[in-house]
């Protein structure tokens with residue numbers, strides 16, 4: 001774990017009255033303030049269209065706020081030059097609902113991608129990548145291309161890719177959205193293990209309320225362009241499957 | 001054991017095949033323009049150096065007048081040599097227009113003298129002096145030093161060279177524009193990959209490098225094929241020209257030389273460098289618009 005420029009209890013991610021607007025009367029995020037402490041595991045919930053993905057995009061520097069401030073590892077990102085974004089991004093791992101694996105690469109190559117981008121020699125990282133894929137249960141699918149993997153397998157490859165450089169922060173956008181309930185719980189256990197073993201700070205955006213209630217983790221609820229901290233138990237119980245609407 | 005050997009940018013078969021064809025065609029045309037331009041210069045050099053220093057005198061009158069004119073010419077300071085052009089030589093000169101045996105014996109041919117100026121002679125002054133002496137001797141002559149003709153040839157060739165140079169420039173600019181457009185299209189089509197690379201911590205230069213290498217290879221390969229086709233076309237044209245004696249007489253210097261080899265060899269290198277530069281500039285500019 002790296003800790004350059006970050007005091008022990010300084011927030012890993014901090015949003016101060018951050019807003020994102022795509023024009024007049026089209027605020028996606030109005031006035032969001034939040035802070036993630038190092039080693040925390042937090043869920044971000046809220047109705048569809050509340051802006052969960054936009055908030056994560058702000059956090060992984062895929063979008064600049066139109067108002068307020070976003071700080072990562074104690075660095076105000078609004079003051080960063082373009083070339084300084086890459087070193088910061090290397091401290092963040094991102095997992096998407098739709099996996100975003102490179103279809104022409106194998107599972108092994110997808111996971112090794114961040115190391116390859118950093119200029120690592122394959123002989124130096126090969127064992128780590130294989131070990132990581134084995135840890136997520138894909139030790140026998142190294143050469144499989146994404147098209148031949150199931151949704152759960154793809155998401156595990158995406159998680160392995162996100163953690164291969166041992167990031168300080170993992171942002172997951174609906175990581176269980178495209179997998180069944182059992183696989184969703186299995187994926188969450190991976191996140192939980194990462195959080196406990198490596199003290200990686202994790203923020204998971206999800207509308208899987210059953211998972212949130214079971215996790216007993218911190219919960220941030222996003223609604224009407226603003227975010228508030230709520231206990232996990234405060235999230236409403238999901239409707240049982242097959243129940244009338 | 002797995003290895004991270006796959007290229008990070010996947011091949012775009014249909015789009016790249018079309019781009020390859022366009023770059024290849026542009027290189028073919030550019031290389032051909034270069035070859036034509038160089039051959040034209042070489043031909044002009046040959047023609048003008050052949051006639052420089054040569055003076056032709058046409059004598060109206062009988063054989064005595066011709067002999068008198070030769071004598072006066074020979075003794076004029078600045079003239080290295082002078083001799084009469086025989087009827088056979090005159091017929092040979094007319095052969096491209098009238099064909100072999102096309103000059104009837106009854107047809108009178110002008111009496112001509114071929115003279116050569118000494119290397120250090122001032123052409124203008126020599127012609128004035130020679131013309132004056134022939135006139136003083138009462139001879140009806142026309143002195144032609146080919147300067148007007150060779151000047152016209154040189155000007156025409158210079159103009160053709162300029163047109164060829166502009167053509168090569170336009171073809172090059174078109175190639176760069178096409179590659180820039182294709183790079184931009186590829187970048188947009190592969191925005192997902194670019195985003196994942198960014199999220200993996202890649203700097204813009206790293207991403208631009210991927211596109212640069214891709215288009216460098218495309219440019220070099222398409223340029224090499226275009227140059228090869230241009231060589232084939234030039235060789236075919238030469239072969240056709242050599243079937244015609246008259247044409248070869250008109251274009252004495254048309255042949256593939258070391259300079260042509262250089263032009264053909266340069267085509268893939270220039271195409272590769274232009275492709276690489278166009279790709280880099282386009283990608284860096286496009287990435288600067290992304291977050």
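Filtering segment B:196-221 down to residues that are within 15 Å of residue A:119 (Cβ to Cβ) and buried (at least 21 other Cβ atoms within 10 Å of the Cβ), which residue is farthest from the other protein chains (Cβ to nearest Cβ)?
Applying the filter and picking the extreme gives B:207.
Among the listed residues B:152, B:140, B:192, which satisfies the condition of being exposed (fewer than 13 other Cβ atoms within 10 Å of the Cβ), farther than 23 Å from residue B:268 by Cβ and at pLDDT 80 or above?
From the options B:152, B:140, B:192, the qualifying one is B:140.
For residue A:179, which of the numbered conditions (1) assigned to a loop (DSSP other than H, G, I, E, B); (2) in contact with a helix residue (DSSP H, G or I) (Cβ under 6 Å, 6 or more places away or on another chain); (3) within 14 Å of chain B (Cβ to nearest Cβ) fails to hold?
Residue A:179 satisfies all of (1) assigned to a loop (DSSP other than H, G, I, E, B); (2) in contact with a helix residue (DSSP H, G or I) (Cβ under 6 Å, 6 or more places away or on another chain); (3) within 14 Å of chain B (Cβ to nearest Cβ) except (3).
Have a look at A:33, A:71, A:78 and point out the one that is within 14 Å of chain B (Cβ to nearest Cβ) and either touching a residue at least 12 places away in the same chain (Cβ under 8 Å) or touching a helix residue (DSSP H, G or I) at 6+ places or on another chain (Cβ under 8 Å) (or both).
Exactly one residue qualifies, and that residue is A:78.
Only residues that are part of a loop (DSSP other than H, G, I, E, B) and surrounded by fewer than 16 Cβ atoms within 10 Å (Cβ to Cβ): list them for segment B:58-77, please.
B:61, B:62, B:77
Every residue in segment A:91-112 that is in contact with a strand residue (DSSP E or B) (Cβ under 8 Å, 6 or more places away or on another chain), more than 8 Å from chain B (Cβ to nearest Cβ) and modelled with pLDDT of 90 or more, please.
Once the filter is applied, which keeps residues that are in contact with a strand residue (DSSP E or B) (Cβ under 8 Å, 6 or more places away or on another chain), more than 8 Å from chain B (Cβ to nearest Cβ) and modelled with pLDDT of 90 or more, segment A:91-112 yields A:91, A:93, A:95, A:96.
May I ask you to list the residues in segment B:113-136 that are at pLDDT below 85 and surrounded by 16 or more Cβ atoms within 10 Å (Cβ to Cβ)?
Result: B:117, B:121, B:126, B:127.
Exactly one condition in (1) modelled with pLDDT of 85 or more; (2) assigned by TED's automatic domain parsing to the domain that holds residue B:76 is false for residue B:90; which is it?
(1)
Of the residues in segment B:96-112, how many are without any contact (Cβ under 8 Å) to a residue 40 or more places away in the chain and either surrounded by 16 or more Cβ atoms within 10 Å (Cβ to Cβ) or within 18 Å of residue B:70 (Cβ to Cβ) (or both)?
Counting residues in segment B:96-112 that are without any contact (Cβ under 8 Å) to a residue 40 or more places away in the chain and either surrounded by 16 or more Cβ atoms within 10 Å (Cβ to Cβ) or within 18 Å of residue B:70 (Cβ to Cβ) (or both) gives 2.
Looking for something at pLDDT below 95 and outside any helix (DSSP H, G or I) - is there at least one such residue anywhere in segment A:154-165?
yes
Say whether the condition of being within 12 Å of chain B (Cβ to nearest Cβ), under 30 Å from residue A:65 (Cβ atoms) and touching a helix residue (DSSP H, G or I) at 6+ places or on another chain (Cβ under 8 Å) is met by at least one residue in segment A:119-131.
The answer is no; no qualifying residue exists.
Has segment B:239-250 got any residue that is surrounded by fewer than 17 Cβ atoms within 10 Å (Cβ to Cβ), at pLDDT 85 or above and under 21 Å from the mean Cα position of the chain (by Cα)?
no
Residues are listed down the side, and each one gets a yes or a no for (1) closer than 23 Å to residue B:31 by Cα; (2) part of a helix (DSSP H, G or I); (3) at pLDDT 85 or above:
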{"position": "B:205", "(1), (2), (3)": "no, yes, yes"}
{"position": "B:232", "(1), (2), (3)": "yes, yes, yes"}
{"position": "B:253", "(1), (2), (3)": "yes, no, no"}
{"position": "B:272", "(1), (2), (3)": "yes, yes, yes"}
{"position": "B:286", "(1), (2), (3)": "no, yes, no"}
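The values are calculated or read from the model by the stated rules, or taken from the named source; none is laboratory data. Just so it is clear, the structure is predicted and the values come from calculations on it, not from any experiment. Backbone-built Cβ (ideal geometry, glycine too); neighbour counts: all protein chains shown.
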